[in-house]
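Asks: One structure, as structure tokens, below. Some questions next.
The values are calculated or read from the model by the stated rules, or taken from the named source; none is laboratory data. What you see is a predicted model, and the numbers here were worked out from it, not measured in a lab. When we count neighbours, we look across all protein chains shown, and the Cβ atoms used for this are built from the backbone with ideal geometry, even at glycine.
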Amino acid sequence: MSLIRDAEIETTIRKFSTPVFEAAGLAPEDVSIYLVRDDRLNAFVAGGLNLFLNTGLIQRTEDPNQLIGVIAHETGHIAGGHLARLRDELTGFSAQSILAVVLGTAAAIASGDGGAAAAIISGGTSMAQQNLLRYSRTQEASADQAAFRFLDRTGQSTRGFVDFLEILGQQELIAAERQDPYLRTHPITTERIAAARQHFDNSPHRDATDPEEWQRAHARMRAKLDGFILPPRTTLARYGEGDRSVSARYARAIAYYRIPDLARALPAIDELIAEHPNDPYFHELRGQMLFENGRINEALPAYEKALQLSPRSPLLQRELARVKIETNDPAHTQDAVRLLEQVVRTERDDAGTWRLLGIAHGRQGQMGEASLALAESALIRRQHEDAMLQADRAQRTLKQGTPGWLRAEDIKRAAEDLRRKAEERS
């Protein structure tokens, strides 16, 4: 998977999902949300409290209610403990049956040929596959019912989720290799669609609409993804000059920047900033345009303004720190260290932030701290040899027994465990 990070999109998704998580009895801060750069329609949960959303899903939803319906369904899987139950269900199958199902699924994904899966999943393994699918359908119905409860508790309509199911239901008529992956992992049945429609028809919230603020945020999120992912010409055709909405002008500004045509991109984003001077993400985009075109000193005030308007955003802190490092100004480098140390306190598993912190420490001549930060980055990336090398370097410089020295020792042990496991697999 290719994961992407974006402060604005993550903030919007959090705004949409927090009421649903709370309705499910989950602490919103405990649920990690990941954006997968993939134009196919898909969403899934994995490893406990982890929700993955494809960019293609976000781009193809027409309003917040559709996206929130999908989030509510996936939250139903989390709240229902379906991943743990699936692990329990698998214990009843032989190792050969499980392996056949896994290999068959992998073959189908790799080749796009359902026949490849059928050829592998055959004979005595077919019953195991049927049991898994039957169990999955039960889970889907359970997650649907949970989603209805969550949406009712938050006073939201289930219209969007019904629309989403009906769209997926239409895909059952096309060839399997052309279907979106969501349909393959979330079986659609006429009973599910009928149950969703019945709940919608009888819901006291059936006519509820999304707040205008959410509608604007959703439109901007889609426009931003279109601008950064689609070819610029496609974006400019989709969001024509005659469309003067904020989201359309946002998309065009991004498309001009990607061409690159700064002569049109900068005036486009400056126009939006003039109308919305307190929007951090317009200032962020202006900074990105300038920074990535080598105009570092001009980019700095834009990023500083963005962080001033959204001071608790780890991503904006990291972006500003990166710009400060690139100025090669010792005073700015010291500020960068301060910002990055704040980020790693809240996002300890971000390898890129640790790497930036290592660079910043190195610019200051703090080689022990630099090696320790680079060791953290390598460990997160599961590069055990680099992690051990950098941890050794850190310990040769840091005073024995200090917190940094002890952390380097922990990293060496963890890296050694990774190395041993890698050898066992080979």
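Asks: Taking region 51-86 on its own, how many of its residues are of a type in the set (A, V, I, L, M, F, W, C), at pLDDT 90 or above and not in a strand (DSSP E or B)?
Replies: 9
Asks: Can I ask one more? Please state which one of PHE44, PHE21, PHE52 is among the aromatic types (Phe, Trp, Tyr) and under 22 Å from GLU166 (Cβ atoms).
Replies: PHE44
Asks: Continuing with the same structure: Within region 148-237, which helices (runs of 4 or more DSSP H) (wholly inside it) include 2 or more residues that are modelled with pLDDT under 95?
Replies: 159-171, 181-185, 190-202
Asks: Please state which one of ARG244, ARG249 is within 19 Å of PRO267 (Cα to Cα) and either in contact with a Leu (Cβ under 7 Å, 6 or more places away or on another chain) or among the hydroxyl-bearing types (Ser, Thr, Tyr) (or both).
Replies: After ruling out the rest, the residue left standing is ARG249.
Asks: Follow-up. Of everything in region 24-54, what is out of contact with any Asp or Glu (no Cβ under 6 Å at 6 or more places or on another chain), closer than 24 Å to THR154 by Cβ and of a type in the set (Val, Ile, Thr)? Give them in sequence order.
Replies: Scanning region 24-54 gives VAL31, ILE33.
Asks: Looking only at region 190-225, filter to residues that are aliphatic (A, V, I, L, M) and buried (at least 18 other Cβ atoms within 10 Å of the Cβ); which one of those is nearest to THR154 (Cα to Cα)?
Replies: In this case the residue turns out to be ALA196.
Asks: Does PHE21 satisfy the condition of being crowded, with 18+ Cβ neighbours inside 10 Å, over 16 Å from the mean Cα position of the chain (by Cα) and modelled with pLDDT of 95 or more?
Replies: yes
Matching residues to (1) within 21 Å of GLU292 (Cβ to Cβ); (2) in contact with a helix residue (DSSP H, G or I) (Cβ under 8 Å, 6 or more places away or on another chain); (3) buried (at least 19 other Cβ atoms within 10 Å of the Cβ):
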{"residue": "GLY227", "(1), (2), (3)": "yes, yes, yes"}
{"residue": "THR235", "(1), (2), (3)": "yes, yes, yes"}
{"residue": "ARG238", "(1), (2), (3)": "no, yes, no"}
{"residue": "TYR257", "(1), (2), (3)": "yes, yes, yes"}
{"residue": "GLU271", "(1), (2), (3)": "yes, yes, no"}
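Asks: Specify the residue that is nearest to the chain's Cα centre (by Cα); the eligible residues are those in region 319-363 that are within 17 Å of PHE291 (Cβ to Cβ) and among the basic types (Lys, Arg).
Replies: Filtering first and then ranking leaves ARG322.
Asks: Only residues in region 353-368 that are within 13 Å of ASP335 (Cβ to Cβ) count as the first member; pair them with residues that are charged (D, E, K, R) and assigned to a helix (DSSP H, G or I), Cβ under 8 angstrom, at least 6 apart or cross-chain, and list the lot.
Replies: From region 353-368, the pairs are LEU356/ARG318; LEU356/ARG322; LEU357/GLU341.
Asks: Does any residue of region 42-50 turn out to be closer than 28 Å to SER310 by Cβ, in contact with a strand residue (DSSP E or B) (Cβ under 9 Å, 6 or more places away or on another chain) and at pLDDT 95 or above?
Replies: No, there is no match, as no residue in region 42-50 is closer than 28 Å to SER310 by Cβ, in contact with a strand residue (DSSP E or B) (Cβ under 9 Å, 6 or more places away or on another chain) and at pLDDT 95 or above.
Asks: Restrict the check to region 300-313 and report whether at least one residue is surrounded by 15 or more Cβ atoms within 10 Å (Cβ to Cβ), of a type outside the set (Ser, Thr, Tyr), in contact with a Gly (Cβ under 7 Å, 6 or more places away or on another chain) and closer than 30 Å to SER247 by Cβ.
Replies: Taking every residue of region 300-313 in turn, at least one turns out to be surrounded by 15 or more Cβ atoms within 10 Å (Cβ to Cβ), of a type outside the set (Ser, Thr, Tyr), in contact with a Gly (Cβ under 7 Å, 6 or more places away or on another chain) and closer than 30 Å to SER247 by Cβ.
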